[in-house]
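Let me begin by presenting the structure, written as structure tokens, before commenting on it.
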Amino acid sequence: MDADAKKTALRMIPYGIYVLTADDHKGNVGAATVNWVTQASFAPPLVVVGVKADSGAHTVVKGTGKFSLNMLGKDQKGIAFGFFKPAKVEDGKLSGQAFHAGANGTPILDDAIAAVECTVKQVVEMGDHSIVIGEVTDAYVMKPPAGRPDAAILEMKDLGDTVYYGG
């Protein structure tokens, strides 16, 4: 396989930017910027998320069986970059971001434009990322979009010409 062609072709898949959060309420909070996300079912409402297998977020999600996806708006690049590194809770903030616990106990970022809470239905462990299938159990819209909801989301291409994931 031509490595450059593979990389270029796979980078043509558009990606939204989200922050996945989880909390085991034993001092372990996992949070990470994720972009391999899609809705997989209407009934029940299911989402699929690729989570890096060796990340703290993976450990907490797998251990608790629940997570939240926090949607980021076009102007929230700083939040996305803040969760590229391991998360930590300091001074009541998660990686510098104010948050509150959702109904399922997972962190909801106060500045996210929307969020969904999920219960893990299945984890497929294969490769360097696991596929986590979550059933949406609650949803919040903190900043209603002015137009199309999918146009409001921060996308990988919005992070700059040198930021890629995939390929």
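The values are calculated or read from the model by the stated rules, or taken from the named source; none is laboratory data. Owing to the predicted nature of the structure, the values given are computational and were not obtained by experimental measurement. Cβ sites come from the backbone with ideal geometry, for glycine too, and all protein chains shown count toward neighbours. Ligands, DNA and RNA are excluded from the accessible area calculation, which covers all protein heavy atoms including side chains. Shrake-Rupley method; radii C 1.70, N 1.55, O 1.52, S 1.80 Å.
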(request) Would you tally the residues in segment 15-28 being in contact with a strand residue (DSSP E or B) (Cβ under 6 Å, 6 or more places away or on another chain) and assigned to a loop (DSSP other than H, G, I, E, B)? (result) 0
(request) Pull up segment 48-88, narrow it to residues that are open to solvent by 20 Å² or more (accessible area, probe 1.4 Å) and in a strand (DSSP E or B), then point me to the one that is nearest to residue 148 (Cα to Cα). (result) 71
(request) Quick one: which residue in 136, 132 is under 20 Å from residue 54 (Cβ atoms) and surrounded by 15 or more Cβ atoms within 10 Å (Cβ to Cβ)? (result) 132
(message) Can you list residue pairs whose Cβ atoms sit under 8 Å apart, with the first residue in segment 43-59 being over 14 Å from residue 137 (Cα atoms) and the second being part of a loop (DSSP other than H, G, I, E, B) and aliphatic (A, V, I, L, M)? Count only pairs 6 or more apart in sequence or on different chains.
(response) 56/87; 57/87
(message) Quick check on segment 29-41. Is at least one of its residues open to solvent by less than 20 Å² (accessible area, probe 1.4 Å) and not in a strand (DSSP E or B)?
(response) yes
(request) Select from segment 9-28 the residues that are out of contact with any Asp or Glu (no Cβ under 9 Å at 6 or more places or on another chain) and surrounded by fewer than 21 Cβ atoms within 10 Å (Cβ to Cβ) and list them in ascending order. (result) 9, 10, 11, 12, 13, 24, 25, 26, 27, 28
(message) Name the single residue that is most open to solvent (accessible area, probe 1.4 Å) among those in segment 89-101 being under 18 Å from residue 18 (Cβ atoms) and not aliphatic (A, V, I, L, M).
(response) 100
(message) Need the failing condition index for residue 151 against (1) within 18 Å of residue 19 (Cβ to Cβ); (2) modelled with pLDDT under 95, just the number.
(response) (1)
(request) Please indicate, with yes or no, whether at least one residue in segment 129-136 is in contact with a Leu (Cβ under 9 Å, 6 or more places away or on another chain), in contact (Cβ under 8 Å) with a residue 24 or more places away in the chain and hydroxyl-bearing (Ser, Thr, Tyr). (result) no
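Test of understanding: among 125, 117, which residue is in a strand (DSSP E or B), out of contact with any Cys (no Cβ under 6 Å at 6 or more places or on another chain) and over 19 Å from residue 140 (Cβ atoms)?
On the way: 117 fails: over 19 Å from residue 140 (Cβ atoms).
Unique residue meeting the criteria: 125.
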